[in-house]
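Heads up: the structure comes next, in structure tokens.
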Amino acid sequence: MNNKIKLAVAGAVLSAASIANAGIVIPAGDWTLDVNGNVNAFANWTTNDKNETVTGGLGMGEDSHGEDNTQGINTGLLPAWLGFTGTTRQNDLDVSFTISFQPNVSDNGGAFHGDAKTPLNRQAFVTFGDKSWGTVKLGKDLGIFAGQAILNDMTLLGVGAGAANSGGATTLGGIGTGYIYPAWKGQIAYTTPNMNGFSATIAITNPNQVPSTDASDTAVESTVYQDRFGVEGQVMYEWTGDVAGKVWASAASYDVTVSGKDESYTVDAYDIGASVSSGNLGLTAYWYEGDGAGTTIFGNLGYDYSADKKRDSDGGYVQATYVIPTGTKLGVAYGESNLDEASGITETTLVKSNERWTVGAYHPLTKHLNLVAEYNSTEAEAHNGNNLEADTFSLGAILFF
């Protein structure tokens, strides 16, 4: 049973380099310990345009002093990562655990406050199962709905949107401009064995809480509470050959109550995607729709408090990559996330769409180390016509082990 850090593996797949399939493997009695992860850092130069209010917009306007240029050193979409995975075979079961930590590579807290930023802790789970009947997972890991969207995003090796804040823990990649963040959730999940390329996963997930300020009622700032276990699932088919790839579909459902308001509703979302490769060419297409799911973060801005109605949302992204003779992977991607107003509500500052163009080059300096250059253009438009724009150029490197 292979329980590598999912994002690190995905980054390795995206890389033009031949990343090793394992990290630092240490035999330890009945166990095999795999120490793995990545370190990455990027210098980002961002030019912001306009200073108009777009609630939920991902473009960055001028700051309060009228400055429209920012610089920062951050990780990219992937945080720096240190993971520990232990595996063993006991009583005809494959058993494993994974624990990971995500420290920061930068901070803007000053000389005596540079260690103040709290590191992330994204994984702590155990699995058990057998290839004959499948695998059970218990603990915190990447969410299932929209999980493949982020794992197939080429900016996983780079930066994407959201790089304008100096010292941030991570950027956004394509989150909010093509897919909703799957987040890291407590879950109990069952995955079927691989059946000639077909597999399926079903899970209950921990009810999360999402702070949300509504553009239709600026006095309302509340927390969206999920009332029951979430239900998430996925089906996927993978194949190999001269044209290899996979297609998948996933879905999520939650019951929700808004604090401070006697209102409850159900959130539903689903998606479909495909990723194929032939020779040096790779193509990915993805689409999602949501009812009350909001935008960027699951549940955020998904409900109009003044109208007591859910909002519809949709979006997706397309990307193409090609490996040139030097081994450098060149890529271009376009993503868009849309959020409708509730019926009868018009011309608010609520975000109508967040859009992103990415052009990137990912060069394998060694089989583990990649140099990265990216240009990202992000634009947010509100339902009343307000706009925010941000253009970011990034240079950095990412090392997998």
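The values are calculated or read from the model by the stated rules, or taken from the named source; none is laboratory data. Source: prediction; values computed, not measured. As a convention, Cβ positions derive from the backbone with ideal geometry for all residues, glycine included, and neighbour counts pool all protein chains shown.
Worth pointing out:
- Only a single criterion out of (1) over 24 Å from T75 (Cβ atoms); (2) not hydrophobic (A, V, I, L, M, F, W, C); (3) not in a loop (DSSP other than H, G, I, E, B) is not satisfied by P193, namely (3).
- When restricted to residues that are closer than 12 Å to V359 by Cα and in a helix (DSSP H, G or I), the stretch 141-174 contains 2.
- Checking the stated criteria, Y317 turns out to be surrounded by 17 or more Cβ atoms within 10 Å (Cβ to Cβ) and among the aromatic types (F, W, Y).
- Among the residues here, E347 does not qualify as farther than 29 Å from F400 by Cβ and either at pLDDT 95 or above or surrounded by 17 or more Cβ atoms within 10 Å (Cβ to Cβ) (or both).
- Selected residue (only one of N376, N370 is touching a Lys or Arg at 6+ places or on another chain (Cβ under 9 Å), in contact (Cβ under 8 Å) with a residue 12 or more places away in the chain, in a strand (DSSP E or B) and farther than 21 Å from Y334 by Cα): N370
- Taken over the stretch 286-297, the criterion of being under 11 Å from G315 (Cα atoms) and surrounded by fewer than 22 Cβ atoms within 10 Å (Cβ to Cβ) is satisfied by W287, E289.
- Check on Y362, of a type outside the set (A, V, I, L, M, F, W, C), surrounded by fewer than 18 Cβ atoms within 10 Å (Cβ to Cβ) and either touching a residue at least 60 places away in the same chain (Cβ under 8 Å) or in a strand (DSSP E or B) (or both): no
Residues are listed down the side, and each one gets a yes or a no for (1) at pLDDT 70 or above; (2) surrounded by 13 or more Cβ atoms within 10 Å (Cβ to Cβ):
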{"residue": "N196", "(1), (2)": "yes, no"}
{"residue": "T201", "(1), (2)": "yes, yes"}
{"residue": "A215", "(1), (2)": "no, yes"}
{"residue": "G230", "(1), (2)": "yes, yes"}
{"residue": "G233", "(1), (2)": "yes, yes"}
{"residue": "A249", "(1), (2)": "yes, yes"}
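- Taking residues in the stretch 113-136 that are modelled with pLDDT under 90, and partners anywhere that are assigned to a loop (DSSP other than H, G, I, E, B) and not basic (K, R), the pairs with Cβ atoms closer than 6 Å and at least 6 places apart or on different chains are G114/D107; A116/G109; K117/N104; K117/D107; P119/P103; L120/P79.
- Single unsatisfied condition, G327 versus (1) on the phi > 0 side of the Ramachandran plot; (2) free of Cβ contacts under 8 Å to residues at least 60 places away in the same chain; (3) surrounded by fewer than 17 Cβ atoms within 10 Å (Cβ to Cβ): (2)
- When D314 is tested against (1) under 18 Å from the mean Cα position of the chain (by Cα); (2) within 14 Å of D153 (Cα to Cα), only condition (2) is not met.
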